[in-house]
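Before I ask anything, here is the structure I am working with.
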Amino acid sequence: MVSLTSSFKLLVQFAVFSAVLGADVNYVFNIANGNIAPDGFTRPAVLVNGVFPGTLIEATPADTLHITVNNQLTNPLMRRSTSVHWHGLFQGRTASEDGPAMVTQCPIAPGHSYTYDIPLRGQAGTHWYHSHLSSQYVDGLRGVIVVRDPNDPHLSLYDEDNANTVITLGDWYHNPAPGIQEIYMAGNHEPIPDSGTINGRGRYIGGPTVQRTRVNVVQGKKYRLRVVNISAYSGFTFSIEGHSLTIIEVDGVSHVPKVVGGFDIYVGQRYSVIVDANQAIKNYWIRAPMELQHDSDNDNLDTDNVYAVLHYEGAPDAEPTTPAKVGASNVLEEYQLAALENPGAPGGSAPADRIIDLQFSRETSGGTKWKFNGIQYQSPSVPTLLQIISGATNPADFTTSEHTLVLNHNEIVEIHLHGSANGHVHPFHLHGHAFDVVQGNSGPINYVNPPRRDVVGIKGGTGIIRFKADNPGPWFLHCHIDWHLEAGLAVVFAEAPAEQRSGPNAQIIKQEWLDLCPIYNALPADQK
C-alpha cells in the first residue's frame, strides 16, 4: 500500500471541466429515502428525485454532463452514504467520476454533495446509472442514460426515439438490501427477488393488480426501443407479441442490423431494437419472463408474470385478449452479432500482448465467497485511483485482497473467463471500455467481426474478450449479479499507472473529489 504524503499535491492535476463542443447538461439528483410500491407492496427505498427508476438522463455525444448528487439518506435499514456509477461511459481522463466506491472514489457522506463532471467525448448510445456502494442499488438507485447521436448510422431506420421508448427491466425485493445481503453472505444461496418490473411496474403472487406499463405506438411508424436490464440478479427474455425486433445497438455500440424474435438480456446489458408498428390496431403483449439461476424459494415470485402492453393508437384501453404466456421464437444467439464500425477484435487473430486467465469459483464454508484465481476481492481503505495518483505503479503496491492487475499502456489484452458457474450465467462487466466478445457461451471463436459490448454473459466453457488498454485508469471487472460482486467476484485493472499521473492522458482531479475521503472517513459506522 502506498503511503499518502505531503508530496501528493504535486502529483495531482487540478482542472476545470468544460465542453470543447456541445452543451453543459446539468442534472440534480436528490438521493433520499421514500416509500414506494412498484409491485403493490409498499417498502422504503433509496430513490433518485423520488422515483423508480430514477430520472432519465438525456444528452448528445458532444455534451458534458454535470450531475450534482445530494445525499439526503437517513434510513438506518439501508446504506446512508452513496456513490453513483455511470455504466457504459468510458470516462477518458475522468476515472474520478466513474463511481465505484473505493476503486475510483470515497463514497458521498449523508448530508453532503458531489458533482460528477463527465465530458462524453463523442460517445453515444444507451447506458445506465446505479449506486456502486455495496448492494445499495438493489434498494432503488438506478436509472437510464440515453446519448442520442445526430449522426447515428441507423437514423433512417426509425421514426421515434424518445423518453417513451425507453424500457427498463428490473427485479424488485420487498426487504432492504443490507439484511438480505447478510443472510446471503452467511453461506446461503442467492436471494430471489419478489417480482420483476417493466418501467418500474410489476406484480407478485397474492399482490394487487398493478396497472401494466404501456408503450404507445401509431400504426405505420417505426420505433427505436432502448431496452435496459437494471436488475441486481435476474436475466430476462424479451419479445413483443406479433412483432419482430431488429437489433441495431448493443451496450452503446452500433451493430449490423439483426432481425430476431426475442433476446436474452442479462444484468447490465442494453439493446436498441427497431419495432415496426405494422400490425393490426390492437394491444399486444410485451413479454419479459425472468431467467433465474436456481430454483425459486420465494413464494411471491411468478417468473412469467413480467408483462407490459404495446398499445396501438385507436385500440381499446385494455390488456391484450391473447394468451400472455407464450415463449419467444428465433431468440438471438449473441455470436450472430457484429459490430458495425471498425469491426474486428484489437490485434486481429495475432497473439495478444497480454493474456489474463481468470478462473472463478464459489465457496460457502465460513460464509459465501466468490473468487477469481482463488482471491476474494475486498475493497481497500484508500481508493485505488488515489493510490495510483500518489505513486502506486507495480502489483506489489497493492494488497492481495485488492486483486489489482497492472496493464501497460496500449497493449492488447485478452481475458479468458471460466470456472464453476454454480448454475449461473455470470454477466461480467468491464468499466472504462467496450470489448470484443471473441468467444461467448456459444458459436465459434471469431476475431474478424465479433460482437462488441461491455457486459458478457458467461456460464459454461471459456469466454474470451479482447480490448486495447488505451484508456488509463483503474477499471473494475466484476460479475454484475450484485450479490456475487459483494461476495468478491471482481478484479481491478490498474491501466497505465504512469500515464494516469502525467502526460496527455493524465487524470483530471478536482478538490471536491479529494475532499470526499476525509469527510467519509470521519463518519460513524452507522452512516457509512
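I'd like to check something: does the stretch 183-203 contain any residue that is open to solvent by 10 Å² or more (accessible area, probe 1.4 Å), of a type in the set (S, T, N, Q) and over 28 Å from residue 79 (Cβ atoms)?
No: zero hits.
Does residue 164 satisfy the criteria of being open to solvent by 70 Å² or more (accessible area, probe 1.4 Å) and either in contact (Cβ under 8 Å) with a residue 40 or more places away in the chain or among the aromatic types (Phe, Trp, Tyr) (or both)?
yes
Return the residues of the stretch 85-142 that are among the acidic types (Asp, Glu) and not in a loop (DSSP other than H, G, I, E, B); say none if nothing qualifies.
Answer for the stretch 85-142, where residues must be among the acidic types (Asp, Glu) and not in a loop (DSSP other than H, G, I, E, B): 97, 117, 139.
Test residue 487 against the stated conditions and say whether it is surrounded by fewer than 21 Cβ atoms within 10 Å (Cβ to Cβ), closer than 25 Å to residue 379 by Cβ and either of a type in the set (A, V, I, L, M) or modelled with pLDDT under 95 (or both).
Details: surrounded by fewer than 21 Cβ atoms within 10 Å (Cβ to Cβ): no; closer than 25 Å to residue 379 by Cβ: yes; either of a type in the set (A, V, I, L, M) or modelled with pLDDT under 95 (or both): yes.
So residue 487 fails the test.
When you scan the stretch 470-492, how many residues do you find that are more than 20 Å from the chain's Cα centre (by Cα) and within 23 Å of residue 142 (Cβ to Cβ)?
Total satisfying the criteria: 0.
Every residue, every condition in (1) within 30 Å of residue 475 (Cβ to Cβ); (2) aliphatic (A, V, I, L, M); (3) touching a residue at least 40 places away in the same chain (Cβ under 8 Å), yes or no:
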| position | (1), (2), (3) |
| --- | --- |
| 282 | no, no, no |
| 286 | no, yes, yes |
| 291 | yes, no, yes |
| 315 | no, yes, no |
| 324 | no, yes, no |
| 337 | yes, yes, yes |
| 347 | yes, no, yes |
| 374 | yes, no, no |
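Further question on the same structure: Does the stretch 224-232 contain at least one residue that is touching a Lys or Arg at 6+ places or on another chain (Cβ under 8 Å), at pLDDT 95 or above and either surrounded by fewer than 21 Cβ atoms within 10 Å (Cβ to Cβ) or among the small types (Gly, Ala, Ser) (or both)?
Within the stretch 224-232 (the criterion being touching a Lys or Arg at 6+ places or on another chain (Cβ under 8 Å), at pLDDT 95 or above and either surrounded by fewer than 21 Cβ atoms within 10 Å (Cβ to Cβ) or among the small types (Gly, Ala, Ser) (or both)), the answer is no, since none of the residues qualifies.
On the basis of being more than 15 Å from the chain's Cα centre (by Cα) and either part of a loop (DSSP other than H, G, I, E, B) or under 25 Å from residue 131 (Cβ atoms) (or both), does residue 263 make the cut?
Judged against the criteria, residue 263 is not a match.
Show the residue pairs meeting these rules: Cβ distance below 9 Å; 6+ apart or different chains; first residue within the stretch 46-73 and free of Cβ contacts under 8 Å to residues at least 40 places away in the same chain; second residue surrounded by 18 or more Cβ atoms within 10 Å (Cβ to Cβ) and of a type in the set (S, T, N, Q).
Sorted first by the residue in the stretch 46-73, then by its partner, the pairs are 49/55.
Of all the residues that make up the stretch 268-290, how many are within 23 Å of residue 41 (Cα to Cα) and in a loop (DSSP other than H, G, I, E, B)?
2
Right, another one. Restricted to the stretch 493-528, and to residues that are outside any helix (DSSP H, G or I) and surrounded by 24 or more Cβ atoms within 10 Å (Cβ to Cβ), which residue is farthest from the chain's Cα centre (by Cα)?
Among residues in the stretch 493-528 that are outside any helix (DSSP H, G or I) and surrounded by 24 or more Cβ atoms within 10 Å (Cβ to Cβ), the one farthest from the chain's Cα centre (by Cα) is 507.
Moving on to the next point. Go through the stretch 241-265 residue by residue and tally those that are surrounded by fewer than 24 Cβ atoms within 10 Å (Cβ to Cβ) and within 25 Å of residue 194 (Cβ to Cβ).
Total meeting the criteria: 2.
I'd like to verify a number: residues in the stretch 23-78 that are closer than 18 Å to residue 170 by Cα, acidic (Asp, Glu) and touching a Leu at 6+ places or on another chain (Cβ under 7 Å), how many?
Residues flagged as closer than 18 Å to residue 170 by Cα, acidic (Asp, Glu) and touching a Leu at 6+ places or on another chain (Cβ under 7 Å) within the stretch 23-78 amount to 0.
Another one. Tell me the residue from 56, 65, 73, 47 that is open to solvent by 10 Å² or more (accessible area, probe 1.4 Å), within 21 Å of residue 113 (Cα to Cα) and among the hydrophobic types (A, V, I, L, M, F, W, C), please.
56
So for the stretch 141-151 (the condition being more than 24 Å from residue 98 (Cα to Cα) and either out of contact with any helix residue (DSSP H, G or I) (no Cβ under 7 Å at 6 or more places or on another chain) or touching a residue at least 12 places away in the same chain (Cβ under 8 Å) (or both)), does at least one residue qualify?
Looking through the stretch 141-151, at least one residue is more than 24 Å from residue 98 (Cα to Cα) and either out of contact with any helix residue (DSSP H, G or I) (no Cβ under 7 Å at 6 or more places or on another chain) or touching a residue at least 12 places away in the same chain (Cβ under 8 Å) (or both).
Next question. Pull out all pairs, ordered by first then second residue, where Cβ-Cβ is under 6 Å, the residues are six or more apart or on different chains, the first lies in the stretch 426-451 and is within 16 Å of residue 352 (Cβ to Cβ) and open to solvent by 10 Å² or more (accessible area, probe 1.4 Å), and the second is in a loop (DSSP other than H, G, I, E, B) and not hydrophobic (A, V, I, L, M, F, W, C).
447/348; 447/349; 448/344
I've got another one for you. Among the residues of the stretch 108-135, what is the count of those that are hydroxyl-bearing (Ser, Thr, Tyr), open to solvent by less than 10 Å² (accessible area, probe 1.4 Å) and closer than 30 Å to residue 150 by Cβ?
Here is the first cut: in the stretch 108-135, the residues hydroxyl-bearing (Ser, Thr, Tyr) are 113-116, 126, 129, 131, 134-135.
Cutting the leftovers down to open to solvent by less than 10 Å² (accessible area, probe 1.4 Å) gives us 114, 116, 126, 129, 131, 135.
This time we only want the ones that are closer than 30 Å to residue 150 by Cβ, so: 116, 126, 129.
Selection size over the stretch 108-135: 3.
The values are calculated or read from the model by the stated rules, or taken from the named source; none is laboratory data. Note that the structure is a prediction, hence the values are computed from the model and not measured. All Cβ positions, glycine included, derive from the backbone under ideal geometry; neighbour counts span all protein chains shown. Heads up: the accessible areas ignore ligands, DNA and RNA and are worked out on the full protein's heavy atoms, side chains in. Shrake-Rupley method; radii C 1.70, N 1.55, O 1.52, S 1.80 Å.
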